[in-house]
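The values are calculated or read from the model by the stated rules, or taken from the named source; none is laboratory data. Bear in mind the structure is a predicted one, so any value in this text is a computation, not a measurement. Don't worry about glycine lacking a Cβ; one is built from the backbone with ideal geometry, like all the others, and counts go over all protein chains shown.
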Amino acid sequence: MTHKFSKSTHTCHDTLPALINVTISIGHKNIGPVNINWNKGHTCIIGPNGAGKSTLLRYLNVEIPNNLGAYYGETYRSFLSQQNIIHWALRVQDVLNISHKTSHEHMHKIIDQMQIRPWLSMRTDHLSDGQRLKVRLARTFISDAHWYLLDEPTASLDPPEETRIFRYLHQHAQSKPIVTITHALHCAINHSDNIIGIDAQGCVTSCAPDHPNLAHWLSELYQQPVCVFSQQNQRYISW
């Protein structure tokens, strides 16, 4: 597997880099060209399986030369991968304390926002997949980064909790940009500021969640009819 990345522009270290005519090549497949000027707020990346969503997110994580907790100037990012594994058989409290230089007050604020306080004394290998995912999410936000890259952060959660987390991401992203890969389209169209789509051929487009042609855009993206309708101030999708 080979990866070939073209250049992007990065003029401000507290934002994600603008991607100008970026093409990501994986074997015989190209993703792009990508032309995205990242804005503050919550951006969701959607598309069919295998389209290249995780590859684009990994590109963003590699493009700027710092990683989880590593500083670049006075800013850093936090990356949540799709792999829902915590390798340490430690208590949740100990996992949250590892490698984070943050205030006690901030850490406990995130613990309460993620609703994981009852598990603090439990070992992570005794938690369910959904519980471990919430611990990993808490650890990601305890880092207090300047922006966040999240790969399917709600994949193991039940629908009510998935919606709650997306509301949290949307609110949090108004001060610190968040880019989220998701298959939860109902959450993406209700709790994001911009949606980026990658189709099966690797073509990258974008659409505002409140755009009047959203249904047509989704239909083109997934190559099947999509209906978007509103009820009680919420948008819903029907296939």
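General observations
- Any hit, the range 182-198, residues being in the same structural domain as Ile31 (by TED's automatic domain parsing), surrounded by fewer than 18 Cβ atoms within 10 Å (Cβ to Cβ) and under 20 Å from the mean Cα position of the chain (by Cα): yes
- Residue within the range 89-102 that is modelled with pLDDT under 80, of a type in the set (Ser, Thr, Tyr) and assigned by TED's automatic domain parsing to the domain that holds Asn194 present: no
- Restricting the range 123-181 to residues that are aromatic (Phe, Trp, Tyr) and buried (at least 23 other Cβ atoms within 10 Å of the Cβ), the residue that is farthest from Tyr59 (Cα to Cα): Phe166
- Of the helices (runs of 4 or more DSSP H) lying entirely inside the range 120-239, the ones with 1 or more residues being within 24 Å of Asn37 (Cβ to Cβ) and not charged (D, E, K, R) are found at 159-172, 185-190, 214-222.
- Matching strands (runs of 3 or more DSSP E) fully within the range 1-80 where at least 1 residues are within 23 Å of Gln174 (Cβ to Cβ) and modelled with pLDDT of 50 or more: 19-26, 29-36, 42-46, 77-80
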